[in-house]
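Here the structure comes first, spelled out in structure tokens, and everything after it is commentary.
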Amino acid sequence: MSIDEKSPETAPSSRRFPPGFLWGAATAAYQIEGATTIDGRGPSIWDEFCATPGATRGGDTGEIACDHYHRYREDIEIMRRLHLQAYRFSISWPRVMPEGRGQVSAPGLAFYDRLVDALLEAGIEPFVTLYHWDLPAALQRHMNGWLHSDLPNLFADYADLMFNKLGDRVRFWLTLNEPWVVVDAGYFRGTHPPGIKNPAEGYQAGHNLMRAHAYAVACYRGHQCDGGRISFALNTTFSFPESRSASDQAAAERAMDTFGGWFADPAWSGDYPAVMRERLGPMLPEFSAEDADLLRRSMDFLALNYYTSDIARYSQDSQPFEFDRIVPGHLPCTEMGWPIMPDGLARLLRRLHQRYAGLPVYITENGAACPDNADEHGFVDDQDRIGYLAGHVAAMAEAVADGVDVRGYFVWSLLDNLEWTEGYSKRFGLVRCDRTTLQRTIKASGLWYADLIAMGRLPAALVDKPPVAPGLPAPGPVATSRCR
Ligand code: IFM
């Protein structure tokens, strides 16, 4: 063992993380809680969607999920064994407000109260997401969900309830998880509830989501919680230009502006990227001056969910933005069919650092679905997941060494859980959750992560020889056959 293996202080800067850096794991309510019909919880759009025959793989639902609602103490004990310093979870809106407005469920609120207390007792910092896709079904049924212009106000009322309840103990808040996915899957492609395929409605829903974010942030700032910070979780990719041509490079810029920029720009500057305004015309709603004011600087930190990257190619036929997003076919993929591209993370972090200058970054999700095989004891030796995580942690360390202010990293996910329409067939957990007994077993990746956290810096081997290819696609033609 070399000297810098022994002490974080003497490790080279490229392998150290700043003091106070938080290592965590993330989950979401509908994916793990179960207990969907007890203690006054109302139905969410995901309960209703999963009940539709053929909507999810194998007809899987969140009815039981990991039964975290009843087993949260056991799960926190596991977090302690993993040495987690932070835990990101979401509140189920219909668990605390069964109809989404008006009546409040005391047992629902009490659950999150107990959860936060138990986390703090275990020395784990809670990061709370207010909306991870489980809209109260009543709001969809009676108000048409995110298409209703008043939904942002109702969301702010719900947020206010949670700030009042937990704001004395929770210091990190996320209003929305991945508004891009809500719009893309829910309103463009119709694969998530509410199952709409209408671009104009998609842009309207996205607009109301960002207004909801802004109103909740304004409400939070009104509470003046000491040291509290708020943002929303942005999912996006780095788009590598397919070639060095000016047209491909401009296409890559447009690909990034219309993905991450679509949601992060309004929360930074109060409006959508210029390319969206120019090319979408009246389909893109306008923010009122008041909404724009609330939106501007409404992220106290940048919360990034990163899984993969892509390649952009100029294409005149692809209107209105004139690019094709290409999935590189020559790289290994996770079980989701997502190419493994840690270098995209390093590049994206540098780009975001320049574009949203001064914002600290937390990587609020990163992880891999892998074809886990459990042995007779339920143990999973998931070296592929370790490789994925190690490559991305190394990429993050590289960005930190370049001056990007990254302050935390959360693995998606703590537990194997309901991967939405994929049901339980795709497993992201550091911890296996047996589908019959719900027994939890820490995987090899969980043990690896616990060691990494205990060391507080990267092992030398990771820097000298990253376990996964850096992931920069070679310029030139790419096949799309290996990854979906
Ligand atoms: O499971 C999801 C999560 O709910 C949101 N981000 C991506 C994860 C993996 O698909």
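The values are calculated or read from the model by the stated rules, or taken from the named source; none is laboratory data. Owing to the predicted nature of the structure, the values given are computational and were not obtained by experimental measurement. Note: ideal-geometry Cβ built from the backbone for every residue, glycine included; neighbour counts use all protein chains shown. Only protein heavy atoms, including side chains, enter the accessible area calculation; ligands, DNA and RNA are left aside. Shrake-Rupley method; radii C 1.70, N 1.55, O 1.52, S 1.80 Å.
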Where the Cα atoms of the chain are projected onto their three principal axes, how long is each span, largest first, in whole Å? 61, 54, 47
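Would you mind giving the three semi-axes, in whole Å and largest first, of the ellipsoid equivalent to region 101-152 according to its Cα gyration tensor? Don't skip to the answer; put the middle values down first.
Working: eigenvalues 172, 36, 11 Å².
After scaling each eigenvalue by five and taking roots: 29, 13, 7 Å.
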Under 16 Å Cα-Cα from residue 197, which aspartates and glutamates qualify once same-chain neighbours fewer than 8 residues away are excluded? 184
Counting helices only, and only those DSSP H runs with n ≥ 4, report the 222 nm mean residue ellipticity of the chain as the sum of -39,500 (n - 2.57) divided by its residues, in deg cm²/dmol to the nearest 500. -11500 deg cm²/dmol
Cβ-Cβ FRET estimate between residue 64 and residue 164, R0 fixed at 25 Å, reported to 0.05: 0.20
Taking loop as defined by DSSP and a crowding limit of 10 other beta carbons within 10 Å, which chymotrypsin sites (Phe, Trp or Tyr not before Pro) in region 343-424 fit? none
Calculate, for residue 250 and residue 200, the FRET efficiency according to 1/(1 + (r/R0)^6) with r their C-beta to C-beta distance and R0 35 Å; round to the nearest 0.05. 0.85
Take the alpha-carbon centre of region 133-167, take the same for region 207-262, and report the distance between them in whole Å. 21
When a/c reaches 1.5 or more, the comparison of a/b and b/c decides; with that in mind, is region 68-144 rounded, prolate or oblate per its Cα gyration tensor? prolate
Name the shape class, rounded, prolate or oblate, that the alpha-carbon gyration tensor gives for region 34-169, where a ≥ b ≥ c are the square roots of its eigenvalues, rounded holds for a/c under 1.5, and otherwise prolate holds if a/b is larger than b/c and oblate otherwise. oblate
Pair residue 357, residue 77: separation of 7 Å Cα→Cβ label points (nm): 5.1
Write down the percent of antiparallel bridges among all DSSP beta bridges whose residues are both part of the chain, to the nearest 5. 25
What's the carbon and sulfur percent of the chain's accessible surface, probe 1.4 angstrom, rounded to a whole number? 51
Based on a Kirkwood Rh over C-alpha pairs, give the Stokes-Einstein translational diffusion coefficient of region 183-274 at 20 °C and viscosity 1.002 mPa s in µm²/s. 142
Under a point spin-label approximation (7 Å from Cα along Cα-to-Cβ), what is the residue 274-residue 39 distance to one decimal in nm? 5.1
Yeah, region 130-222 with a ≥ b ≥ c from its alpha-carbon gyration tensor (a/c under 1.5 is rounded, else prolate when a/b outruns b/c, oblate otherwise) is prolate
At most 14 other Cβ atoms within 10 Å and a DSSP loop assignment: could you name the chymotrypsin sites (Phe, Trp or Tyr not before Pro) in region 156-249 that fit? none
Please compute the net charge surrounding residue 37, taking Lys and Arg as +1 and Asp and Glu as -1 over other residues with Cβ under 12 Å from its Cβ. -2
Would you mind pulling out the separation of the Cα centroids of region 269-348 and region 32-73, in Å? 30
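What longest range of the chain stays clear of loop-exposed GluC sites (Glu not before Pro) (DSSP non-H/G/I/E/B, at most 13 other C-beta within 10 angstrom)? Present the calculation step by step, with values, prior to reporting the outcome.
Values: sites that count: 286, 376.
Maximal segment without exposed cleavage sites: 1-285.
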Could you give P(r) for region 282-345, binned at 5 Å from zero, as whole percent values over all Cα-Cα pairs? 4, 13, 13, 12, 13, 18, 15, 9, 3, 0
For region 280-390, just the Cα atoms, rotate onto the principal axes and tell me the three extents in Å, largest first. 61, 39, 24
I'd like to check one number: the per residue accessible area of the chain, probe 1.4 Å, reported in Å² as a whole number. 37
Report the FRET efficiency, 1/(1 + (r/R0)^6), for residue 226 and residue 149, where r is their Cβ-Cβ distance and R0 is 30 Å, rounded to 0.05. 0.35
